[in-house]
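One structure below.
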Amino acid sequence: MSAFEYVALDSQGNTKKGVLEGDTPRQIRQQLREQGLTPLNLEEVTRPHRKSHSTRISSTELTLFTRQLATLSHSGLTLEEALRAVADQSDKSRLKSMVLAVRSKVSEGHSLAEGLRQFPSVFSELYCATVAAGEQTGHLEVVLERLANYTENRHYLRQKIGLALFYPLLLTLVALLIVIGLLTYVVPQVIEVFVRLHQELPWLTRALIKISDFLQTQGGLLIILIVLSIFTVRHAMKRPPFLLFWHGLLLKLPLIARLEKSSQVAQMTRTLSILVASGVPLLDALHMTSQVISNRVLRRALVTATERVREGSGLKNALSHSGLFPAMTLHLIANGESTGQLEGMLERAAILQERELETLIQLLLSLFEPLLILVMGGVVLLIVLAILLPIFEINQLIR
């Protein structure tokens, strides 16, 4: 049985879109007519054509899909029934089409991992390899549960970081707009009074006038330069040498280095934990984990450590050689290797790193907000002084 996306007209002439399952397009058309719909277009979605490859869903939808599939698998439903139930519960046609396409692949005798690999833009190699390992060991429902926890944890962490950064970024934007507004519109009108008096102005006032004139006359050029700089940096980020340099710099800056390292190591240990726990061989797990790490310096260190493990070294010794990974993480890994509970120690290391990451973010935000207020207060104070100093001088002349 295949899945078909349809476009049809109802009795009132409104366009309806959706997904139905059937053996042939003729059967789908018959189902549509029985529902009082006039079919306009049918497209099979079971084959990995161009549309399947370009399918994208949000991290929230991926998390929900994984959790629903894990829950239904634990309840005793067959894989086909679980996929069908997930598709029926979805109100997003894109997600529903994808799930039915995977179900059709499974109905043809293929594994779930092969069905998921039809959509590489949605399911990463890590995701598919974990599912494949669960199918091979006969513990798919357990692996799906771990994957659900993994995707939920990543989604929660990203959401928490995003929400934590929203207020400071908004505060910074508002502060910049206020200062630009003062310098561009308010200050020129006030300073113009003193200029007409042909009085020699204090150096602070003259400097403020020059800044104001520059923003008025060259503001457009400044915006263009900022936009060009952003595009230049983004283009440079695509070049490995510059990206390696930038990521190395992030690992050396105070506070930022701890933030970057905690984020990357938390992702590494969490990913490695779920892969090892799902039965993926350690070397394959290390290779897939290296693709998840975005910092190129740490990725290169992990690739080097993978080669050392391949040559017979222990994981802790291989990672400690670079000097980039936290001592507590290495200690937990060594403990896991000696006790045969590597996946448990990796998960504990991930939890510790995630807690440290949250603490660091809160620390940076608690420092940033009062610092921004002080800077804004200083800027406003300079503007006020630049306006008041000529007034004080005029009062002295009158006396």
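The values are calculated or read from the model by the stated rules, or taken from the named source; none is laboratory data. None of the values given here were measured: they were computed from a predicted structure. Note that each Cβ is placed from the backbone with ideal geometry, even for glycine, and that neighbours are counted across all protein chains shown.
A few remarks follow.
- Tally of residues being over 22 Å from Ala8 (Cα atoms), in a loop (DSSP other than H, G, I, E, B) and at pLDDT 75 or above across segment 24-73: 2
- Just one of (1) assigned to a helix (DSSP H, G or I); (2) over 30 Å from Leu272 (Cβ atoms) fails for Glu200. It is (1).
- Looking only at segment 72-113, and only at residues there that are farther than 20 Å from Ala132 by Cα and of a type in the set (Asp, Glu), the one that is surrounded by the most Cβ atoms within 10 Å (Cβ to Cβ): Asp88
- Sole residue being in the same structural domain as Val292 (by TED's automatic domain parsing), loosely packed, with under 14 Cβ neighbours inside 10 Å and within 30 Å of Tyr127 (Cβ to Cβ), chosen from Arg258, Arg239: Arg239
- Within segment 272-298, the set of residues being within 27 Å of Gly138 (Cα to Cα) and under 22 Å from the mean Cα position of the chain (by Cα) comprises Leu272, Ser273, Ile274, Leu275, Ala285, Leu286, His287, Met288, Thr289, Ser290, Gln291, Val292.
- Within segment 292-333, tally of residues that are hydroxyl-bearing (Ser, Thr, Tyr), in contact with a Leu (Cβ under 9 Å, 6 or more places away or on another chain) and either over 19 Å from Glu354 (Cα atoms) or free of Cβ contacts under 8 Å to residues at least 40 places away in the same chain (or both): 3
- Against the test of being surrounded by 13 or more Cβ atoms within 10 Å (Cβ to Cβ) and of a type in the set (A, V, I, L, M, F, W, C), the options Phe166, Phe245, Phe231 yield a single qualifying residue, Phe245.
- Filter pass, Phe166 being aromatic (Phe, Trp, Tyr) and under 18 Å from the mean Cα position of the chain (by Cα): yes
- Matching option when the condition is in contact with a helix residue (DSSP H, G or I) (Cβ under 9 Å, 6 or more places away or on another chain) and at positive phi, among Gly279, Gly248: Gly279
- Checking the stated criteria, Gly134 turns out to be among the small types (Gly, Ala, Ser), modelled with pLDDT under 85 and closer than 26 Å to Thr269 by Cβ.
- Among the residues making up segment 334-343, those that are free of Cβ contacts under 8 Å to residues at least 12 places away in the same chain and either closer than 19 Å to Val280 by Cβ or crowded, with 18+ Cβ neighbours inside 10 Å (or both) are Gly336, Gly340, Gln341.
- Residue within segment 76-98 that is of a type in the set (Lys, Arg), assigned to a helix (DSSP H, G or I) and within 21 Å of Thr271 (Cα to Cα) present: no
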